[in-house]
Amino acid sequence: MIDLRSDTVTKPTEAMRQAMAQAEVGDDVYQEDPTINRLQELAAETMGKEAALFVPTGTMGNLVSVLAHCERGQEILLGDNSHVFYYEAGGASVAGGLVYHTLPNDRMGMIDPNLVAAAIRTPDIHFAPTGLLCLENTHNRAGGTVLSKAQIDELCRVAHSRGIPVHLDGARVFNAATYLEIPVKQLVENLDSVQFCLSKGLAAPVGSVVVGRKEFIGKARRMRKMLGGGMRQAGVLAAAGIIALTEMSQRLEEDHYHAHRFAESLALVDGFEVDLETVQTNIVAANLTEKAGTAADWVARLKANGVLVGAAGPRRLRFVFHNDVDRADLEKTLSVIASLAG
Ligand SMILES: Cc1ncc(COP(=O)(O)O)c(C=O)c1O
């Protein structure tokens, strides 16, 4: 099977498996796991922040960040197409007593800074005070699109000028930095906290990291414990994470190249509409014309022909390129699609 459903399907590399087998471990709730400590130090340094915290998932990374930034009864500002709003089971409301205040994401995943400025609450006993602005880069539902440093900085400027911190759901922030050809540290410079995933394009089996100021990470650590995410000898996971962070973050250009190459050919297939401007990183989203049939149909037909893809809407398919997909897989997928479309 060629699996293009997500980059989360990547299997750990041979080097990761060896590092996992040999990892030195300790009890991380006591902060005594040397491999986790090393991953956290490396992550903080790479992102240019004071401290870092290893968490089991991106969802938990975002949730502990939101809980560490906000108090019960506050609002978080975020995109109406964001992962935190769409796919994280309402965790900020359930666990934090927070209100989601959504603002429109444009087709590139950007939020208009003027809308952010207008949405930040003024002091008034009727309002739930604004506690946080949450951004996403790359933007998953927009199709892996990238916010530039200037766009992030402008949103940070607006929020910070009103005393509001800014968190980045950077599940794929290394893809964004690769696309922009700047060090990730520079891209996230003005953000107060970032969550990034080791287990997506970076191919680790498990794990994400949250970075920010020391005091914030201290709070996030308590929230992680509260949510049941205090792990013990998880250095076996962090060992793979170190390879993800240091080595696999350097190869994402290859996935982007595959995605571009695929998108350009797919756009020529009858029944498929691809907005090539949104194909910036490793994700290709394609809309199906009325005549071409539904996404569910295509998912089933492709599966029967050895290709797994995701449906991102009733007439929208999603193809994600990653470490376990090579050029031959790409060509095979295109030829299967061409034969089914014809
Ligand atoms: C943008 C974004 N944020 C957060 C997550 C959540 O990560 P996890 O599946 O590790 O909880 C994902 C997962 O696909 C994602 O795409």
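Assorted remarks:
- Antiparallel %, DSSP beta bridges [both residues in segment 115-268], to 5: 45 percent
- For the chain, the share of DSSP beta bridges that are antiparallel, to the nearest 5, is 55%.
- The chain - accessible surface per residue (Å², probe 1.4 Å): 42 Å²
- Backbone N within segment 73-100 under 18 Å of label point (7 Å from R222 Cα along the Cβ vector): 73-74, 95-98
- Among the trypsin sites (Lys or Arg not before Pro) in segment 38-82, those located in a DSSP loop and surrounded by at most 11 other Cβ atoms within 10 Å of their own Cβ are R72.
- Lysines whose Cα lies under 27 Å from that of K303, excluding same-chain neighbours fewer than 8 positions away: K11, K200, K291, K332
- If you take all other residues with their beta carbon under 10 Å from the beta carbon of D192, and give Lys and Arg +1 and Asp and Glu -1, the sum is +2.
- Paramagnetic label reach from K185 (point 7 Å along Cα→Cβ; backbone nitrogen cut-off under 15 Å): within segment 238-260, residues 246.
- Across all C-alpha atoms in segment 100-234, the radius of gyration and Dmax reach 15.8, 48 Å.
- Förster radius 45 Å - calculated FRET efficiency between Q22 and D297 (Cβ-Cβ, nearest 0.05): 0.45
- For segment 232-281: rounded, prolate or oblate by the Cα gyration tensor [a/c cutoff 1.5]: prolate
- Protein accessible area in the chain, 1.4 Å probe - carbon and sulfur %: 51 percent
- For segment 46-121, the list of GluC sites (Glu not before Pro) that fall in a loop by DSSP and count at most 13 other C-beta atoms within 10 angstrom reads E50, E71.
- Counted over all Cα-Cα pairs of segment 11-249, pairs farther apart than 22 Å make up 49 percent.
- Based on Cα atoms of segment 251-341, Rg over Rh with Rh as the Kirkwood radius reads 0.93.
- Helix-derived mean residue ellipticity, 222 nm - over the chain, DSSP H n ≥ 4, -39500 (n - 2.57), to 500: -12000 deg cm²/dmol
The values are calculated or read from the model by the stated rules, or taken from the named source; none is laboratory data. Worth saying up front: this structure is predicted, and the values here are computed from it rather than measured. FYI the Cβ positions are ideal-geometry reconstructions off the backbone, even for glycines, and counts take in every protein chain you see. Surface areas here come from the heavy atoms of the whole protein model, side chains and all, with no ligands, DNA or RNA. Shrake-Rupley method; radii C 1.70, N 1.55, O 1.52, S 1.80 Å.
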